[in-house]
1. Is there a residue in the range 471-482 that is surrounded by 14 or more Cβ atoms within 10 Å (Cβ to Cβ), within 30 Å of TRP553 (Cα to Cα) and touching a residue at least 40 places away in the same chain (Cβ under 8 Å)?
2. For the range 294-313, does any single residue satisfy the condition of being assigned to a loop (DSSP other than H, G, I, E, B) and under 30 Å from ASN176 (Cα atoms)?
3. Would you please name the residue that is nearest to LYS653 (Cα to Cα), looking only at residues in the range 571-614 that are surrounded by fewer than 16 Cβ atoms within 10 Å (Cβ to Cβ) and within 60 Å of the chain's Cα centre (by Cα)?
4. Please work out if VAL279 is touching a Phe, Trp or Tyr at 6+ places or on another chain (Cβ under 8 Å), surrounded by 18 or more Cβ atoms within 10 Å (Cβ to Cβ) and within 30 Å of ILE171 (Cβ to Cβ).
5. Under 9 Å by Cβ, and 6 or more places apart or on different chains, what pairs join a residue from the range 704-715 that is of a type in the set (Val, Ile, Thr) with one that is not in a loop (DSSP other than H, G, I, E, B)?
6. In this structure, does VAL219 turn out to be within 30 Å of ASN296 (Cα to Cα) and either in the same structural domain as GLY52 (by TED's automatic domain parsing) or polar (S, T, N, Q) (or both)?
7. Any idea which of PRO521, PRO538 is buried (at least 17 other Cβ atoms within 10 Å of the Cβ) and either at pLDDT below 95 or in the same structural domain as GLU637 (by TED's automatic domain parsing) (or both)?
8. Going through the range 372-398 one residue at a time, which ones are in contact with a strand residue (DSSP E or B) (Cβ under 7 Å, 6 or more places away or on another chain), over 18 Å from PRO190 (Cα atoms) and outside any strand (DSSP E or B)?
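The values are calculated or read from the model by the stated rules, or taken from the named source; none is laboratory data. This is a predicted model, so every value here is computed, not measured. Positions of Cβ are backbone-derived with ideal geometry, glycine not excepted, and every protein chain shown enters the neighbour counts.
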Amino acid sequence: MFMGKKLSVLCILLLALLPKAQASHIYGGELLYQHITGNTYRVILVLYGDCGSTNQQVLQSLNAAAPQVQVLNASPTPIATLYLPIDTAQSDKEVTPVCPKDAGSTQCVDPSFPIPGIKQYVYHDTITLPYTSATWGFVFTGNLGTQVSAGRTGSITNISFAQGYSTIYLIARLNNLNGPNSSPVYTTIPTPFYCLNVLQQYNHGATDPDNDSLAFAMVPGLNSGSAINYIPPYTAQKPLSADSFQFNTLNGQLTFKPNLLQRPLVVNEVKEYKNGVMVGSSMREMSFIVLDNCQNKPPNGDIKDYGSNIVGGVHDGNNVINVCSGTPQVGFNLAPADPDNADSVTLTTYNVPPGANITISNNGTPQPLLQFSWNTTGVAPGIYSFYINYKDNGCPLSSNQTVAYTIQVANPYTVYTEVLSPTNCYHRAGVRYHLSGGIKPRRVQVSQNNSIIRNFTDTTGVINDSLASGTYTLRVFSEFFSCDTSITFTIADSGKYPIPPTGSSNQYCRGDASTPPAVAPVDGATLTWYDEQGNQVPGAPSINTSVPGTYTWYANQTVNVCTSDTAVIRVIVYDRPDVNIRNNSGKVCLADWIYLEATGARSYTWLPVGNIHETRDGKPYGIVTEPVTYTVVGVDENGCSDSASITYADIEKCCNFAYPNAFTPNGDGKNDRFRPILYGNMEEYEISIYNRFGERVYHSKDAKSGWNGTYNGRPCDVGMYYFYVKAKCFTGQYEEKADAVNLLK
């Protein structure tokens with residue numbers, strides 16, 4: 001944060017005139033608490049005020065303030081309300097990063113001076129909590145206990161002032177269920193002036209009095225307890241416009257290069273954990289001011305920028321050095337210099353880990369030298385962050401940046417494998433790798449026969465994989481950690497082979513020729529047979545089809561060390577159908593039609609095929625012209641068959657005619673038609689009937705047909721009619737006959 005002499009216009013923040021008076025020229029603040037004894041805690045609020053010429057009344061109100069802090073426990077209704085008195089020894093105190101030459105020229109000395117100024121105000125009071133709880137909260141509501149509230153300046157560029165104003169609202173949380181706790185505290189004073197297009201560093205220098213683990217986050221600012229609305233594209237996690245922007249959750253380091261004039265609100269929260277349980281938190285918010293009239297550039301102490309000689313650890317590029325637990329000597333050197341090659345640089349250290357040693361030579365000169373060393377033997381694994389403040393003597397405002405350095409001491413990686421599901425001698429085994437120690441993300445390689453077959457990146461400590469049987473090497477490592485771990489493990493075939501032998505039930509008809517049941521094992525498998533009682537039999541069973549019934553065997557297959565489930569092999573022997581021909585054998589006339597009928601089966605086939613005919617309704621018949629044997633093959637619903645035969649060998653050459661002399665077509669079913677009585681089968685046949693006028697009233701070539709006494713559909717008169725028959729029997733005999741017949745009623 002380096003600025004020139006022309007600061008008077010850019011650094012004066014306007015007082016927002018709101019319906020309720022607001023101390024709207026407060027740069028920011030933080031809320032903390034400190035354990036005193038038992039359940040008694042000191043609640044501390046720090047506010048940073050602007051000394052601008054229009055703000056003297058605001059500063060006076062901060063001197064007279066008694067800020068309200070509500071004490072909550074899992075409910076919006078406070079169980080107590082504190083009005084914090086001012087700590088006069090620490091308040092109304094200028095903390096402007098001004099160079100010594102211009103120390104008396106800031107607006108905190110005289111509002112008419114051009115150099116902006118910042119004053120610190122500290123308020124605190126104690127409270128004895130009535131009981132222990134995991135959900136205590138101390139809340140600064142923005143109420144200063146006077147007619148003035150802690151309003152944010154209306155010139156903030158990244159949030160929406162939908163209601164015309166926004167009030168600072170801070171929360172500190174406490175979980176003292178398992179013992180007392182003090183909140184994280186900040187070792188550096190925030191200075192909100194930053195330079196356009198210059199790489200900047202911002203860090204709270206947060207430490208914990210109880211040596212708990214800290215986690216850092218950028219969070220939304222609060223207004224009356226609710227998250228404020230950020231103007232897109234700004235968010236709580238990226239609250240300002242910058243060409244580069246990085247936030248390290250490991251140590252809270254914010255690195256950015258602002259690319260436009262802006263006044264963003266930046267809010268940070270630090271949470272502390274004991275044995276993985278959150279036991280406290282505190283908040284700090286500041287309004288950054290980006291200026292474009294900076295003459296100085298800030299000194300920087302990034303390890304990567306100075307080619308430091310790192311001993312005993314691996315640098316991850318973000319001022320974090322990862323050290324394997326038990327490393328006897330860890331160290332690095334810094335030789336920061338002012339980019340302007342003119343200003344002297346003063347280094348101040350905070351929160352140096354116990355046992356670590358920092359030596360600074362040439363401090364307060366343009367070329368200071370810092371040497372860090374630490375014997376980590378016996379140091380518990382954990383994250384150890386310390387801070388170095390870099391301040392040059394640039395005027396009128398000196399650069400004042402705090403940079404975090406983290407030594408992350410970690411145990412070597414540990415890993416073991418767990419088989420989740422066996423191979424079953426068929427597929428890959430389900431394998432889980434359990435990882436711990438080291439640093440995250442972990443890189444994991446699985447190799448076989450010196451070839452890498454898997455690459456993983458792990459952050460959770462659990463990786464699921466699948467591997468075929470064999471021996472493997474698993475290596476866990478990180479390019480930012482000097483310790484890696486390798487183990488060798490074997491996946492052995494085990495379990496149950498998932499596929500029983502392939503086979504199907506066999507069906508036979510009584511008396512069929514049989515073969516052993518067809519069961520196919522996979523290649524290389526051993527097949528084992530069992531009888532119906534589960535007794536192992538020496539091989540595939542033989543099948544006796546002479547007795548109908550259902551027979552059961554079992555078979556499984558063994559592949560390597562895995563045996564499958566058993567396949568059930570059933571053999572059914574069906575009885576054959578009892579097929580019978582309903583026709584009777586005996587004498588037949590030459591060319592007789594024999595209508596064939598059989599019983600006992602579901603479907604029938606008659607032989608010989610060439611001598612079988614079918615009627616229109618599908619009934620089979622044969623025409624006997626020579627001795628013949630008819631055979632029927634009957635098949636039942638199971639596909640089993642039987643046969644029967646009938647022979648016609650006594651064939652009579654029938655050819656006799658008889659002619660009735662009268663008929664009575666009255667519909668009584670008796671003698672209703674006139675036709676010759678034939679004994680034999682006709683090869684040719686024709687009959688004509690005439691009335692007494694010689695008119696033909698009936699004609700047919702069907703020997704089985706007859707005249708019903710009608711002509712053209714009308715009954716004929718009673719009387720005498722004349723017929724003429726001409727026929728030839730299959731025997732070769734001819735018949736020709738003319739005679740009369742009487743039609744009676």
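1. To start, the set of residues in the range 471-482 that are surrounded by 14 or more Cβ atoms within 10 Å (Cβ to Cβ) comprises 472-478, 480-482.
Okay, now just the ones that are also within 30 Å of TRP553 (Cα to Cα), so none.
The answer is no, given that none of the residues of the range 471-482 is surrounded by 14 or more Cβ atoms within 10 Å (Cβ to Cβ), within 30 Å of TRP553 (Cα to Cα) and touching a residue at least 40 places away in the same chain (Cβ under 8 Å).
2. No: zero hits.
3. SER603
4. yes
5. Pairs found: THR710/VAL697; THR710/TYR698.
6. Numbers: within 30 Å of ASN296 (Cα to Cα): no; either in the same structural domain as GLY52 (by TED's automatic domain parsing) or polar (S, T, N, Q) (or both): yes.
When the stated conditions are applied, VAL219 does not pass them.
7. PRO521
8. Listed by number, the residues that qualify are THR376, VAL379, PRO381.
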